[in-house]
Every structure is written in structure tokens, then in C-alpha cells.
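S.K.: Here you go, one structure.
The values are calculated or read from the model by the stated rules, or taken from the named source; none is laboratory data. Computed from a prediction, not measured in an experiment: that's the story for all the values here. Backbone-built Cβ (ideal geometry, glycine too); neighbour counts: all protein chains shown.
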Amino acid sequence: MKILVVEDEPKTGDYLKQGLVEAGFVVDLAKDGVDGLHLGETGGYDLAILDVMLPGLDGWQVLAGLRRAGREMPVLFLTARDQVDDRVKGFELGADDYLVKPFAFAELLARVRSLLRRGSRKPEAEQMRVADLELDLLRRRATRGGRRIDLTAKEFALLELLLRHRGEVLPRSLIASQVWDMNFDSDTNVIEVAVRRLRAKIDDGFALKLIRTVRGMGYVLEEDPG
Ligand code: CA
């Protein structure tokens, strides 16, 4: 899941970016409204977090520009306490939620996840499952055969991606861009290593293997590898 953060205050911006990356998201940070709007129009984001007071264009203008460009991702606004009255204006423009500064990161993360669930076109279950593997998207937990599996944020994001596309072979390039925000041109084996580690956690000790390598193509998660 890819998130755009537009925040001119460097400390807040870095803090947001780091926290969201640690939570498993791919994050781009823009430091003014012009860059923010440009990225938002072109970047394929699942959600945007916009500060209101920004150099260049303010948060409202960025939002209006995104909607004009047909970008319908959910938008969370960060407002100072004395701007709270502007809320009506924001909702009219199509903002989805507000957070008043200063806020706790846990609160932001909860709002982000709730907006992402709401924002997806298909109403989405809070749980996904394949065979006896279950992913609890709300609590960010995975279990197999009822037993909890400890996953890092990246492993969870990888497993979620595989599950969302169950039965489809996902090329490494797609996994790289969706989970690691990198181009696959780089000759790194980070994806192979991560998949191997994830597979060990998910499949070791189970007769039915769920994650499979399709040589020369990528990876697929499915119940019946036939
Ligand atoms: Ca600001």
C-alpha cells in the first residue's frame, strides 16, 4: 500500500514517513503543495496525508487539484488546533478525515488503516484466508491452523499482497514496487530472501504448502498448487 505524505515541517514529515514505513507502507514525502500535487496526480497512491498549511499550494488546494485530476484516494488532513473550524470546507472538497496536531502516531495509524479499508472499492473483510491461513488486517496478525505466526511489517505486507492476488503469479518486479518501493533493476536478492523467510514461517511443518515459486516468473500463493 502506497501513501503520499505532504508536510513541510521536516521533523513531522520524517517522523510520519519513518513510522509508516515501519508499519509496512511504501511512503513518499513531499515538502510543499506543488510537489505534493504533482506526485499525487502521477504516483498511484492508496491514500494521501496532507498538512493544511503548506508553501506553494495549501492542503485544500492540493486536495482540490487531486480530485480535479480524478484521484479518488482517501485523504487525511493534519490541521492545527485553530484550523479545526475549516473542517467543513475540507469535507466539501472531499477530505475523508482529520487529525488535529499534535497527535499520537498510533492514532494516525488507526485512522490510516480505517480509511484504507473504507477507501477500497470492494467492501473488504477484515480477515482474509486461504486454507487454514488467516490474516487479520485490523490487528495485523497472521495465524495458520489457529497458531499465531510472528511476522515483520514487511513480511505481513508481502503476505497480504500475495493473498490479495491469490492464484495469480506475482512477478518480482511487482512485489518490489508494492512492498519495497524499489525498482527491480537493482540486482538485489532482497525479495528472494524475504519470500524464503516468509515461506519458512507459513509453510514449514505443514503438508499443504501455500507459497510457491514459479521459475522465471515470480511467486504465487494458492491452496491447490496442483
Ligand atoms: Ca505546515
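S.K.: Would it be correct to say that residue 210 is surrounded by fewer than 18 Cβ atoms within 10 Å (Cβ to Cβ) and in contact (Cβ under 8 Å) with a residue 12 or more places away in the chain?
M.R.: no
S.K.: Look through region 62-75, keep the residues that are in a helix (DSSP H, G or I) and out of contact with any helix residue (DSSP H, G or I) (no Cβ under 6 Å at 6 or more places or on another chain), and return whichever of them is nearest to residue 156 (Cα to Cα).
M.R.: Per the criteria, the residue is 67.
S.K.: May I ask you to verify whether residue 57 is more than 19 Å from residue 21 (Cα to Cα), of a type outside the set (S, T, N, Q) and part of a loop (DSSP other than H, G, I, E, B)?
M.R.: yes
S.K.: Mind telling me which of the residues 37, 50, 29 ends up being within 16 Å of the ligand (Cβ to nearest atom), free of Cβ contacts under 8 Å to residues at least 40 places away in the same chain and not in a helix (DSSP H, G or I)?
M.R.: 29
S.K.: Let me spell it out: the conditions are (1) under 24 Å from residue 20 (Cα atoms); (2) touching a residue at least 60 places away in the same chain (Cβ under 8 Å), and residue 150 meets all of them except one. Which number is the exception?
M.R.: All conditions pass for residue 150, except number (2).
S.K.: Just the residues that are assigned to a helix (DSSP H, G or I), charged (D, E, K, R) and within 16 Å of the ligand (Cβ to nearest atom), please, taken from region 5-26.
M.R.: 11, 14, 17 - these are the residues of region 5-26 that are assigned to a helix (DSSP H, G or I), charged (D, E, K, R) and within 16 Å of the ligand (Cβ to nearest atom).
S.K.: May I pose another question? Among all residue pairs at least 6 apart or on different chains, which show Cβ distances below 8 Å where the first residue, located in region 59-70, is within 17 Å of residue 31 (Cα to Cα) and the second is modelled with pLDDT of 90 or more and aromatic (Phe, Trp, Tyr)?
M.R.: 59/77; 63/77
S.K.: Please go through region 131-173 and pick out each residue that is of a type in the set (A, V, I, L, M, F, W, C) and surrounded by fewer than 17 Cβ atoms within 10 Å (Cβ to Cβ).
M.R.: Of everything in region 131-173, those that are of a type in the set (A, V, I, L, M, F, W, C) and surrounded by fewer than 17 Cβ atoms within 10 Å (Cβ to Cβ) turn out to be 131, 138, 153, 169.
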